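See structure below.
The values are calculated or read from the model by the stated rules, or taken from the named source; none is laboratory data. Predicted model, so just to flag it, every value in this text is computed and none were measured. When we count neighbours, we look across all protein chains shown, and the Cβ atoms used for this are built from the backbone with ideal geometry, even at glycine.
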């Protein structure tokens, strides 16, 4: 009796499956998904055992449960699957041509970062909490529709008035696209990743939003007045106004064009 054949293809297969399982674990870490997956694996292993032992009745019941498992997984893991697909889509920069195919062909207006930086500097001095989402290529309509529509020109007084402590729109995020504030009091998805306990709701929401879009999110802490920037799932703390303007100018791109100092001044 010989051993089961084991080739290099089998080895690569095992490595790829292990990598995928680890990736799924990283993506679902901090949620209830790992516990649910453990339960699914336990049911599957039980089905393999009872099938091997020729327990027909139990094998049939478990087999029926597993046969509809794909639909059940889609229902149970709907938030995780959506986040998973969004992250994959964001990372496939080579597929941006799909966005261009379905675009209207209209030139998007560049975001003037000067009033945003000025507002953040003034709000930091007064420790006024703020959460500003600055869009790039990602579609932010779902986020904007969950807030209060404004369609106002970006300006320092407007941003300060929105986030004024007693203002009716101060709670939530402002969404900026181009040179317009499209909505305020927007609810952002909170990150499910492991973050320091010192992070407040604004910082968690900023990270969560940056995980599912290419937007740049600026946070002003109400407790410390510190300015932070969230992008691609990472949060940079204690950003001074000069660094904030440089960062926004560097990363805010429309149709592959970067902001210039002349455009910002205008």
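Go through region 56-73 and count every residue that is without any contact (Cβ under 8 Å) to a residue 12 or more places away in the chain and either outside the structural domain of residue 22 (by TED's automatic domain parsing) or surrounded by 14 or more Cβ atoms within 10 Å (Cβ to Cβ) (or both).
At the first step, the residues of region 56-73 found to be without any contact (Cβ under 8 Å) to a residue 12 or more places away in the chain are 56-58, 60-61, 64, 67-68, 70-72.
Going one step further and asking which of them are either outside the structural domain of residue 22 (by TED's automatic domain parsing) or surrounded by 14 or more Cβ atoms within 10 Å (Cβ to Cβ) (or both), we end up with 58.
The qualifying residues number 1.
Of (1) modelled with pLDDT of 90 or more; (2) surrounded by fewer than 21 Cβ atoms within 10 Å (Cβ to Cβ), residue 177 satisfies all except one. Which?
Looking at each condition in turn, residue 177 falls short on (2).
Restricting region 185-220 to residues that are touching a strand residue (DSSP E or B) at 6+ places or on another chain (Cβ under 7 Å) and farther than 20 Å from residue 136 by Cβ, which is surrounded by the most Cβ atoms within 10 Å (Cβ to Cβ)? Show your work before the answer.
Let us first name the residues in region 185-220 that are touching a strand residue (DSSP E or B) at 6+ places or on another chain (Cβ under 7 Å), namely 185-186, 188, 202-203, 205-207, 209-210, 215-220.
Next, only the ones that are farther than 20 Å from residue 136 by Cβ stay: 185, 202-203, 220.
Working: 185: 18, 202: 22, 203: 23, 220: 25.
For region 185-220, the residue satisfying everything is 220.
Hey, does region 9-20 have a residue that's closer than 24 Å to residue 191 by Cα, at pLDDT 75 or above and not assigned by TED's automatic domain parsing to the domain that holds residue 213? First the steps, then the outcome.
Just the residues of region 9-20 that are closer than 24 Å to residue 191 by Cα, to begin with: 19-20.
Filter again for at pLDDT 75 or above, leaving 19-20.
Cutting the leftovers down to not assigned by TED's automatic domain parsing to the domain that holds residue 213 gives us 19-20.
The answer is yes, given that some residue of region 9-20 is closer than 24 Å to residue 191 by Cα, at pLDDT 75 or above and not assigned by TED's automatic domain parsing to the domain that holds residue 213.
Mind telling me which of the residues 183, 265 ends up being at pLDDT 90 or above and over 15 Å from residue 119 (Cβ atoms)? Give the derivation first.
Values: 265 fails: at pLDDT 90 or above.
Among 183, 265, only 183 is at pLDDT 90 or above and over 15 Å from residue 119 (Cβ atoms).
Check whether at least one residue in region 189-208 is within 24 Å of residue 112 (Cβ to Cβ) and in contact with a helix residue (DSSP H, G or I) (Cβ under 9 Å, 6 or more places away or on another chain), and report yes or no. Step through it out loud before you land on a result.
Narrowing region 189-208 to residues within 24 Å of residue 112 (Cβ to Cβ): 202, 206.
Retained after the next criterion (residues that are in contact with a helix residue (DSSP H, G or I) (Cβ under 9 Å, 6 or more places away or on another chain)): none.
No, the conditions are met nowhere in region 189-208.
Residue 166 fails exactly one of the following numbered conditions: (1) part of a strand (DSSP E or B); (2) over 24 Å from residue 251 (Cβ atoms). What is the number of that condition?
The one condition residue 166 does not meet is (1).
If you check residue 235 against the conditions, is it crowded, with 21+ Cβ neighbours inside 10 Å, modelled with pLDDT of 90 or more and either outside the structural domain of residue 127 (by TED's automatic domain parsing) or touching a helix residue (DSSP H, G or I) at 6+ places or on another chain (Cβ under 7 Å) (or both)?
Numbers: crowded, with 21+ Cβ neighbours inside 10 Å: no; modelled with pLDDT of 90 or more: yes; either outside the structural domain of residue 127 (by TED's automatic domain parsing) or touching a helix residue (DSSP H, G or I) at 6+ places or on another chain (Cβ under 7 Å) (or both): yes.
Taking the combined requirement at face value, the residue does not satisfy it.
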